[in-house]
Ligand SMILES: Nc1ncnc2c1ncn2[C@@H]1O[C@H](COP(=O)(O)OP(=O)(O)OP(=O)(O)O)[C@@H](O)[C@H]1O
Ligand SMILES: [Mg+2]
């Protein structure tokens, strides 16, 4: 039985079966008790009749009360009737022998009593009286014996009923404890686990929920579906980063082309000089021009390499990243945009900066997004030019590294500042911006267990502050 549905069915099936059995036992025993109590009452009637008989017999024999004779006849008749009515019960309980013994004792009592009733007062002898009294005592003993045995079996049934009740209460208690344990360990526990996993997903931390591969129940199915969903979201996020990357490549492609143009032009000029002035050049000059050629082709290949590295699709690779180098490389990619908008770019490092374990590619996209936003914000200003400053800092023993990207662009109006991280929020003209840059940035930083906040003064500029934990983030698994 692997599923909870099966277990619950079995559990309730067993409970129901137990309840039905207990109820039937209880009803059967109650009926039995009822019948026995009725029988006890009938035996008590028999005993009462015998005792009444004895009372009137005493009145007749000792107090010579002749009126007692009618009563004696009445109770003799009643005793005989009750005895006959109880015939089956007596035979069942005590056996035919005891039944007949009582019948014989009653007959004998009657035969002893009749002459005494017919005799005049004072004519009954002492021997006759003793014989009658002795026979009467036997009758009382017989009748008492009958009701005693029935009373004893009634008590036994009563105990049985009580035992059934105790077993039922015990079972009920056990079921309650078991259900509670089952609810807490098998249902509430996993639900809490699921809740914290969902909260992590909300923070863009896609950590799979632990589960045993053998588990086949519904909760494990839910966990499996959840893990699949989390993986899917993770992949989509990576795809989003990648598509953002491609989009931003579009933004600075012309700049890159311009960047490449310079070394290629230089190479062409140097090569031309080498061909045309070959004769006039001495060995040292030729050597210098050759070095220029190598230097310029290195520059060109450096630009291409940087671009290739940025556009490469390696979504999940975490590696040790030197933030300073990453900032420089990213700035190199947008060099032309900076030049075009007459933007000074500077970088400052404060404190001892460790290398961080990051998804380098996604993180470079973070810088691209922030830098291009800053470039755009500066471009929006009425006057030309501006400054972008990146400050990388870490205070001694601080578990966080802080990255600040500061610009003196147009700034963000206070009523918009809460929306800038929302997907598709943009103030750019249609076709110029998708509004996904900061949303992707936010996701990437959260995925690295970091935080991002923004401070801005309209007309003065904007500062983005990112904090990243030193050491391996969880998402690095
Ligand atoms: N440094 C900044 N200065 C002023 N405003 C900014 C700055 N960075 C972001 N914003 C504002 O936040 C908005 C959202 O930025 P986001 O990067 O998410 O999208 P976008 O830049 O508009 O579009 P895309 O990134 O797709 O080109 C921008 O449109 C802009 O209004
Ligand atoms: Mg943007």
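The values are calculated or read from the model by the stated rules, or taken from the named source; none is laboratory data. Computed from a predicted model, the values in this text were never measured in an experiment. So basically every Cβ, Gly included, is an ideal-geometry build from the backbone, and we count neighbours across all protein chains shown.
See the values below:
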| read-out | value |
| --- | --- |
| Of all residues in the range 157-184 being surrounded by 12 or more Cβ atoms within 10 Å (Cβ to Cβ) and over 37 Å from the mean Cα position of the chain (by Cα), the one that is nearest to residue 22 (Cα to Cα) | 164 |
| Odd one out for residue 225 among (1) assigned by TED's automatic domain parsing to the domain that holds residue 447; (2) away from ligand 1 (no atom under 16 Å from the Cβ); (3) surrounded by fewer than 15 Cβ atoms within 10 Å (Cβ to Cβ) | (1) |
| Pair list, Cβ under 6 Å, 6 or more apart: the range 426-447 residue under 11 Å from residue 240 (Cβ atoms) and outside the structural domain of residue 469 (by TED's automatic domain parsing), other residue more than 10 Å from ligand 1 (Cβ to nearest atom) and in a helix (DSSP H, G or I) | none |
| Yes/no for residue 457 being surrounded by fewer than 16 Cβ atoms within 10 Å (Cβ to Cβ) and more than 15 Å from ligand 2 (Cβ to nearest atom) | yes |
| Cβ pairs under 7 Å, 6+ apart, first in the range 171-194 and on the phi > 0 side of the Ramachandran plot, second modelled with pLDDT of 90 or more and outside any helix (DSSP H, G or I) | none |
| Test: residue 419 is under 19 Å from residue 465 (Cβ atoms) and without any contact (Cβ under 8 Å) to a residue 24 or more places away in the chain | yes |
| Filtered residues of the range 216-231 (kept if within 21 Å of residue 446 (Cβ to Cβ) and modelled with pLDDT under 90) | 230, 231 |
| Evaluation of residue 341 against (1) under 19 Å from residue 442 (Cβ atoms); (2) surrounded by fewer than 23 Cβ atoms within 10 Å (Cβ to Cβ); (3) within 16 Å of ligand 1 (Cβ to nearest atom) (one fails), failing number | (1) |
| Residues of the range 430-446 classified as in contact with a strand residue (DSSP E or B) (Cβ under 7 Å, 6 or more places away or on another chain) and away from ligand 1 (no atom under 11 Å from the Cβ), total | 1 |
| Scope the range 381-405; condition part of a strand (DSSP E or B) and closer than 15 Å to residue 323 by Cβ; matching residues | 389, 390, 391, 392, 393, 400, 401, 402, 403, 404, 405 |
| Which listed residue, of 338, 358, is within 18 Å of residue 450 (Cβ to Cβ) and either within 16 Å of ligand 2 (Cβ to nearest atom) or in contact with a strand residue (DSSP E or B) (Cβ under 9 Å, 6 or more places away or on another chain) (or both) | 358 |
| For residue 388: the one exception among (1) within 16 Å of ligand 2 (Cβ to nearest atom); (2) more than 48 Å from the chain's Cα centre (by Cα); (3) surrounded by fewer than 22 Cβ atoms within 10 Å (Cβ to Cβ) | (3) |
| Hey, residue 456 in the same structural domain as residue 327 (by TED's automatic domain parsing), near ligand 1 (Cβ under 10 Å from one of its atoms) and touching a strand residue (DSSP E or B) at 6+ places or on another chain (Cβ under 6 Å) or not | yes |
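Every residue, every condition in (1) free of Cβ contacts under 8 Å to residues at least 40 places away in the same chain; (2) assigned by TED's automatic domain parsing to the domain that holds residue 389; (3) buried (at least 18 other Cβ atoms within 10 Å of the Cβ), yes or no:
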site: 285; (1), (2), (3): yes, yes, no
site: 298; (1), (2), (3): yes, yes, no
site: 310; (1), (2), (3): no, yes, yes
site: 321; (1), (2), (3): no, yes, no
site: 347; (1), (2), (3): no, yes, no
site: 362; (1), (2), (3): no, yes, yes
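The rows are residues; the columns are (1) within 7 Å of ligand 1 (Cβ to nearest atom); (2) modelled with pLDDT under 85; (3) under 42 Å from the mean Cα position of the chain (by Cα); (4) more than 21 Å from residue 235 (Cα to Cα).
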site	(1), (2), (3), (4)
372	yes, no, no, yes
384	no, no, no, yes
428	yes, no, no, yes
448	no, no, yes, no
